[in-house]
Amino acid sequence: MRHILPLLALFLPSLLLAQDAHATACRDAKTTVEIERCASRDLDQAKRELDRYVQEARRVATNRALLDSAQALWEHYRDIACRAAGSEYEGGSIKPVVMLNCLTDLARNRIRDLYDHYLRTSDTPLPEPKH
């Protein structure tokens, strides 16, 4: 344990700077490739967060099978809704960004729904979503 703390102190500033650099790079992104890269990273983060909230909701749910069915239907809706949003830009270079942003937005909304309907009154260690 005492060996971990110095390593953590050594690497933590680097991790924080890397996160800040990513945020700055995405804020300043100008090309479609840069914007798409940022949108993809945002989606990856939202997916990881969504998975944590789904697993926690499953832990506390009275009827896990019903929650699983609802989640599967939500995923189907998400895929179709974002495909429809992207189709508005068919043939355009921005289409992937529109779809990635749609997927991210819906994931964040789902996290909020899971928290509100399953976790708010539970003993969850997960925080209330910011989005």
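Observations on the structure shown:
- When the helices (runs of 4 or more DSSP H) confined to the stretch 1-97 are screened for residues that are at pLDDT 95 or above, those reaching at least 2 such residues are found at 32-60, 64-87.
- Screening SER69 with (1) surrounded by 11 or more Cβ atoms within 10 Å (Cβ to Cβ); (2) under 17 Å from the mean Cα position of the chain (by Cα); (3) of a type outside the set (A, V, I, L, M, F, W, C) gives one miss only, at (2).
Condition check ((1) touching a Ser or Thr at 6+ places or on another chain (Cβ under 8 Å); (2) in contact (Cβ under 8 Å) with a residue 60 or more places away in the chain; (3) of a type in the set (Phe, Trp, Tyr); (4) more than 28 Å from SER122 (Cα to Cα)) across all residues:
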position: THR32; (1), (2), (3), (4): yes, yes, no, yes
position: GLU36; (1), (2), (3), (4): no, yes, no, yes
position: ARG41; (1), (2), (3), (4): no, no, no, yes
position: GLN45; (1), (2), (3), (4): no, no, no, no
position: TYR53; (1), (2), (3), (4): no, yes, yes, no
position: ALA61; (1), (2), (3), (4): no, no, no, no
position: SER69; (1), (2), (3), (4): no, no, no, no
position: TRP74; (1), (2), (3), (4): no, no, yes, no
position: CYS82; (1), (2), (3), (4): no, no, no, yes
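- Selected residue (only one of GLY91, GLY86 is more than 17 Å from the chain's Cα centre (by Cα), free of Cβ contacts under 8 Å to residues at least 24 places away in the same chain and within 21 Å of ASP42 (Cβ to Cβ)): GLY86
- Here the stretch 78-110 is the region considered, the condition is being under 23 Å from LYS30 (Cα atoms) and among the charged types (D, E, K, R), and the residue that is surrounded by the fewest Cβ atoms within 10 Å (Cβ to Cβ) is GLU90.
- Test: residue in the stretch 41-48 that is loosely packed, with under 14 Cβ neighbours inside 10 Å and among the small types (Gly, Ala, Ser): no
The values are calculated or read from the model by the stated rules, or taken from the named source; none is laboratory data. Only a predicted model underlies this, so the values are computations on that prediction, with no experimental measurement involved. All Cβ positions, even for glycine, are placed from backbone atoms using ideal geometry, and neighbour counts span all protein chains on display.
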